[in-house]
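Q: I have a structure here, written as structure tokens, and I will follow up with some questions on it.
The values are calculated or read from the model by the stated rules, or taken from the named source; none is laboratory data. Note that the coordinates shown come from a computational prediction; the quantities given were computed from them, not determined experimentally. Positions of Cβ are generated from backbone atoms using ideal geometry, with glycine treated the same way; all protein chains shown enter the neighbour counts. Note: accessible area is taken over every heavy atom of the protein model, side chains too, but ligands, DNA and RNA are not part of it. Shrake-Rupley method; radii C 1.70, N 1.55, O 1.52, S 1.80 Å.
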Amino acid sequence: MDLFENTTDTQHQPLAYRMRPSTLEEYIGQEHIVSEGRLLRRMIQADQLSSLIFYGPPGTGKTTLARVIANSTKSVFITMNAVLTGVKNLREEIVRSKERFTLQGERTILFVDEIHRWNKSQQDALLPWVESGTIVLIGATTQNPYFEVHSALVSRSRIFQLKELSRDNLWDIALQALANRIKGYGKYNISFEPGALEHLVNIANGDARSLLNAVELAVETTGESFPPDHNSEIIISLETAEESIQQKVVLYDKEGDYHFDIISAFIKSIRGSDPDASLYWLAKMVKAGEDPHYIFRRMLISASEDIGLADPNGIVIVESAAAAFDRVGLPEGRYHLTHAALYLATAPKSNSALGFFDALKTIEKEENSQVPNHLKDAGRDKEGFGHGEGYLYPHAYRDHWVAQQYLPDSLQGKVFYNPSDTGYEAEIKNEVFRKREAQIESQNPSSFPEILTTSPPDKNRDRWFERLLQNRGEILKDIQKEVFSLAKIRSHNNVIDLNTGSGLLLLEAARRVREGLVYGLTSTRENRVYLEQYTNQIPELERPVIGEMNLEEYIKNNTDKLLFDIVIGRNTLFREKNKPVYIDLINKICRPGGRIILAETMLSESVRLSSVLSSSLESNSELTVKDKELILILQEIEKVIYESEDNSDTNWGERDVTVWLTASGFTEINLHKKNYITQMNITDRDIHNWFIPDSSDFSYGAVLEKINKTDKREELITILNKYLSKKSLPWESTTIFITGKI
């Protein structure tokens, strides 16, 4: 059965079917996977598809995307519905696909709708041909493929998750259907009363098919007959709209993915101490007919896992509410569900009970640990083996406690229980720690064996990127870590690095982005060639794009109007003479909702040569009058360099950055600084070059001429060579991290 079978009789086809787009340009929604720059769009446009699985709720465009691919590819496109076809149909199609591939060199793309409906044997039959490349699989499913689709197929496919369509998406789809003269209702005079079309859009709940079905029903049941007379008008009332779509259907499958997602949201809302969200997810489950006993079971788990000893009454309340529910039943029993959920959501939190699983892991890893002799049962063989000898009976001591060993010898000092700072646990925490310390102190130090630990390698880490990045300096690594902590990049984002340099940020962005696009700007051919040499090892469609140009040139050349979700850069603003204009350029390449993350060295707050020299002189001897004079000259030079309003490298600070970003339309602006200290090795050549007048107006040599102190050049070079050259000196710098949202 061909889902995309063409027919000339479109008059009697449902509107939702007629309005399915056939090209990417007609497709509305799912911008995170099909907008400009996204990997899926590039794959479709280049006709370089690998096996794909589209996962998402009904009516979000999974089959429509397959239709777009069918209209775009040169491969033979075959469709199957998992409900209507079996292994026999699949094997027949595989035979034909092999013949086409062998005789004509044609690939076959097989689209399987509702692929989760195929059983394991059907999915197994497909696997070898997907593996060999004879067939490119495109599957569509409403169920989580990681649970419902053969893991071997999942591991060979890219998973694209489609989300419920936004209200704006649905509004555009409705207007498109009403305006299209061939497939929609554009040739009829149709109008909606105020609020009628809005109601259909709102109640469709992210489902385009539901919306179009409602529009069709509203239009074709209004008036005496459809189609209407040429001059007559169809007016859709709010009452008709309400009748056409009825009410929202709660999307909830007690056996499927939504069931687990919603109970997960409920428990996480309790854990996060959000009573409003807890009530919302609880109401959604009750409305959908979830078993209340299942909800109580999950709350009983949460009472110990998330609240624990921070509030020991949590489990008592839930158990009592569950017992009351069994006596009362529905609908009044909803009060008891609410009572328990609100108590847990508002209770202090502690996950200290997870210490049990740390203990369990320890037991699984350790060799056979013996029970300490004094803890063994003395009732049977105290005389023969001395079991129990040395045990101190706590009730015989003050406060009914005495310090002694309870863990096996090999685990002395091991901690499993970490009381929290909230609720009841906050009251007992100090006492637990005091007793623990006393017990450790009471042990013979020789009984503590040396424990060497190591972490297993992360098999999922991209080894190629790891090799590239492992030699970065510690400061650069910290800057990189800070930038990506602030960026919160997702796999489908479009990211641009404004000053890619040697790839500190670009390569890490490429490692994190798999379904989006990473673009890097570099000012030199050498950097571009260097980076392309390494990135050529990445598959072409996943490879970062490197442009040898500045931002202004990029904008002029960006004919596709590609916009970015994340803009990152290190020392890019720092290099610009007109920083406000440059920030305006950044604004032009940001997608609405896009974010900027810059790491900029602040020369005005970094260490100065005069202070380094002064510290070195003081540590070697007392300062002479001549020394002090030379330091004052250096300070005079640096006052011009760092405090001049004409020096764009240094004449800016936090307030300026905030003003520039605000003026350009950025919001949620945040600035924070970090100081770094590195060891600097200064050479005689460095010092000599600093004091040669050059094209820069703000070098030490140029400023020395400005202040008419060139006669002191040789003396300055001499003293700097004597105390700073060929030495490792601590050099402090300040980096400001800038974030904003457009």
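Q: Please go through (1) without any contact (Cβ under 8 Å) to a residue 40 or more places away in the chain; (2) loosely packed, with under 13 Cβ neighbours inside 10 Å; (3) not charged (D, E, K, R) for Asn689 and return the number of the only condition it doesn't satisfy.
A: Status for Asn689: all satisfied but (2).
Q: With respect to Val83, is the statement that it is open to solvent by 70 Å² or more (accessible area, probe 1.4 Å) and among the β-branched types (Val, Ile, Thr) true?
A: For Val83, the condition - open to solvent by 70 Å² or more (accessible area, probe 1.4 Å) and among the β-branched types (Val, Ile, Thr) - is met.
Q: Return the residue satisfying two criteria in turn: it lies in the stretch 641-662 and is β-branched (Val, Ile, Thr) and at pLDDT 80 or above, and of such residues it is least open to solvent (accessible area, probe 1.4 Å).
A: Val657
Q: Among (1) farther than 25 Å from Asp421 by Cα; (2) modelled with pLDDT of 90 or more; (3) among the charged types (D, E, K, R), which single condition is Glu305 missing?
A: (1)
Q: Within the stretch 663-682, identify whether any single residue is at negative phi, loosely packed, with under 14 Cβ neighbours inside 10 Å and free of Cβ contacts under 8 Å to residues at least 40 places away in the same chain, and answer yes or no.
A: No - not one qualifying residue is present in the stretch 663-682.
Q: Please specify each residue of the stretch 265-284 satisfying the condition of being open to solvent by less than 30 Å² (accessible area, probe 1.4 Å), over 24 Å from Asp421 (Cβ atoms) and touching a Leu at 6+ places or on another chain (Cβ under 9 Å).
A: Selection gives Phe266, Leu282.
Q: Being touching a residue at least 40 places away in the same chain (Cβ under 8 Å), of a type in the set (Gly, Ala, Ser) and over 12 Å from Leu342 (Cβ atoms) narrows it down to one residue among Ser320, Ser278, Ser302, Ser273; which is it?
A: Ser302
Q: Any residue in the stretch 712-727 that's under 20 Å from Gln679 (Cα atoms): show its pairings with residues that are open to solvent by 10 Å² or more (accessible area, probe 1.4 Å) and assigned to a loop (DSSP other than H, G, I, E, B) at Cβ separation under 8 Å, as long as the two are six or more apart or on different chains.
A: Ser725/Thr683; Lys726/Thr683
Q: State whether the residues of the stretch 568-591 include one that is at pLDDT 75 or above, touching a Lys or Arg at 6+ places or on another chain (Cβ under 7 Å) and not charged (D, E, K, R).
A: Yes - at least one qualifying residue is present in the stretch 568-591.
Q: Still on this structure: I want to confirm something. Restricting to the stretch 216-227 and keeping residues that are modelled with pLDDT of 70 or more and part of a loop (DSSP other than H, G, I, E, B), which single residue is most open to solvent (accessible area, probe 1.4 Å)?
A: So, considering only residues that are modelled with pLDDT of 70 or more and part of a loop (DSSP other than H, G, I, E, B), the one most open to solvent (accessible area, probe 1.4 Å) is Thr221.
Q: With the checklist (1) out of contact with any helix residue (DSSP H, G or I) (no Cβ under 7 Å at 6 or more places or on another chain); (2) surrounded by fewer than 17 Cβ atoms within 10 Å (Cβ to Cβ) in hand, flag the one item Ser616 doesn't pass.
A: Of the numbered conditions (1) out of contact with any helix residue (DSSP H, G or I) (no Cβ under 7 Å at 6 or more places or on another chain); (2) surrounded by fewer than 17 Cβ atoms within 10 Å (Cβ to Cβ), the odd one out for Ser616 is (1).
Q: Those residues that are over 25 Å from Leu476 (Cα atoms), of a type outside the set (A, V, I, L, M) and surrounded by 15 or more Cβ atoms within 10 Å (Cβ to Cβ), I need them from the stretch 710-742; list them, please. Reasoning before the result, please.
A: First pass over the stretch 710-742, keeping only residues over 25 Å from Leu476 (Cα atoms): 710-723, 742.
Subset that is of a type outside the set (A, V, I, L, M): 710-715, 718, 721-723.
Lys712, Arg713, Asn721, Tyr723 - these are the residues of the stretch 710-742 that are over 25 Å from Leu476 (Cα atoms), of a type outside the set (A, V, I, L, M) and surrounded by 15 or more Cβ atoms within 10 Å (Cβ to Cβ).
Q: Give all pairs with beta carbons closer than 8 Å in which a residue from the stretch 506-530 that is touching a residue at least 24 places away in the same chain (Cβ under 8 Å) and among the basic types (Lys, Arg) meets a residue that is part of a helix (DSSP H, G or I) and open to solvent by less than 60 Å² (accessible area, probe 1.4 Å); count only pairs at least 6 apart in sequence or on separate chains.
A: Arg511/Phe465; Arg512/Phe484; Arg514/Leu39; Arg514/Glu542
Q: Mind checking whether some residue in the stretch 362-370 is of a type outside the set (S, T, N, Q), open to solvent by less than 70 Å² (accessible area, probe 1.4 Å) and either at pLDDT below 85 or closer than 20 Å to Asn418 by Cβ (or both)? Let's see the steps before the verdict.
A: Within the stretch 362-370, the subset of a type outside the set (S, T, N, Q) is 363-367.
If we keep only those that are open to solvent by less than 70 Å² (accessible area, probe 1.4 Å) as well, we get 366.
Now narrow it down to the ones that are either at pLDDT below 85 or closer than 20 Å to Asn418 by Cβ (or both): 366.
Yes: the stretch 362-370 contains one or more residues that are of a type outside the set (S, T, N, Q), open to solvent by less than 70 Å² (accessible area, probe 1.4 Å) and either at pLDDT below 85 or closer than 20 Å to Asn418 by Cβ (or both).
Let's see how each residue does on (1) in a helix (DSSP H, G or I); (2) open to solvent by less than 70 Å² (accessible area, probe 1.4 Å); (3) touching a Pro at 6+ places or on another chain (Cβ under 8 Å); (4) not aromatic (Phe, Trp, Tyr):
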{"residue": "Ser302", "(1), (2), (3), (4)": "yes, yes, no, yes"}
{"residue": "Ile315", "(1), (2), (3), (4)": "yes, no, no, yes"}
{"residue": "Ala321", "(1), (2), (3), (4)": "yes, yes, no, yes"}
{"residue": "Phe325", "(1), (2), (3), (4)": "yes, yes, yes, no"}
{"residue": "His336", "(1), (2), (3), (4)": "yes, yes, no, yes"}
{"residue": "Ala340", "(1), (2), (3), (4)": "yes, yes, no, yes"}
{"residue": "Ser350", "(1), (2), (3), (4)": "no, yes, yes, yes"}
{"residue": "Gly355", "(1), (2), (3), (4)": "yes, yes, no, yes"}
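Q: Which pairs turn up if I take residues in the stretch 165-184 that are part of a loop (DSSP other than H, G, I, E, B) and look for partners that are open to solvent by 70 Å² or more (accessible area, probe 1.4 Å) with beta carbon separation below 8 Å, at least 6 apart in sequence or on another chain?
A: What qualifies is Arg181/Lys187.
Q: Taking the stretch 494-516 as the search range and keeping residues that are over 22 Å from Thr601 (Cα atoms) and modelled with pLDDT under 90, which one is surrounded by the fewest Cβ atoms within 10 Å (Cβ to Cβ)?
A: Per the criteria, the residue is Arg514.
Q: Can I ask one more? Within the stretch 668-682, can one find any residue that is at pLDDT 75 or above and in a helix (DSSP H, G or I)?
A: no
Q: Tell me the residue from Glu576, Glu482, Glu474 that is acidic (Asp, Glu) and either within 27 Å of Ser35 (Cβ to Cβ) or free of Cβ contacts under 8 Å to residues at least 24 places away in the same chain (or both), please.
A: None of the other options fit; the residue is Glu474.
Q: Give me the residue from the stretch 81-103 that is outside any helix (DSSP H, G or I) and touching a helix residue (DSSP H, G or I) at 6+ places or on another chain (Cβ under 6 Å) and, out of that set, nearest to Asp124 (Cα to Cα).
A: Going residue by residue through the stretch 81-103, those that are outside any helix (DSSP H, G or I) are 81-86.
Subset that is touching a helix residue (DSSP H, G or I) at 6+ places or on another chain (Cβ under 6 Å): 82-83.
Values: Ala82: 14, Val83: 17 Å.
Across the stretch 81-103, the extreme among qualifying residues is Ala82.
Q: If you take the residues of the stretch 47-80 that are of a type in the set (Gly, Ala, Ser) and in a loop (DSSP other than H, G, I, E, B), which of them is surrounded by the most Cβ atoms within 10 Å (Cβ to Cβ)?
A: Only one residue tops the list, namely Gly61.
Q: On the given criteria, is Leu137 assigned to a strand (DSSP E or B) and within 30 Å of Ser491 (Cα to Cα)?
A: yes
Q: What number of residues in the stretch 104-125 are in a helix (DSSP H, G or I), at pLDDT below 85 and open to solvent by 30 Å² or more (accessible area, probe 1.4 Å)?
A: Going through the stretch 104-125, the residues in a helix (DSSP H, G or I) turn out to be 104, 115-117, 120-125.
Now narrow it down to the ones that are at pLDDT below 85: 104, 120-125.
From what is left, the residues that are open to solvent by 30 Å² or more (accessible area, probe 1.4 Å) are 104, 120-121, 124.
Within the stretch 104-125, residues that are in a helix (DSSP H, G or I), at pLDDT below 85 and open to solvent by 30 Å² or more (accessible area, probe 1.4 Å) number 4.
Q: Right, another one. What do you reckon, is Thr735 at pLDDT 75 or above, in a helix (DSSP H, G or I) and hydroxyl-bearing (Ser, Thr, Tyr)?
A: Considered against the rule, which asks whether it is at pLDDT 75 or above, in a helix (DSSP H, G or I) and hydroxyl-bearing (Ser, Thr, Tyr), Thr735 comes out as no.
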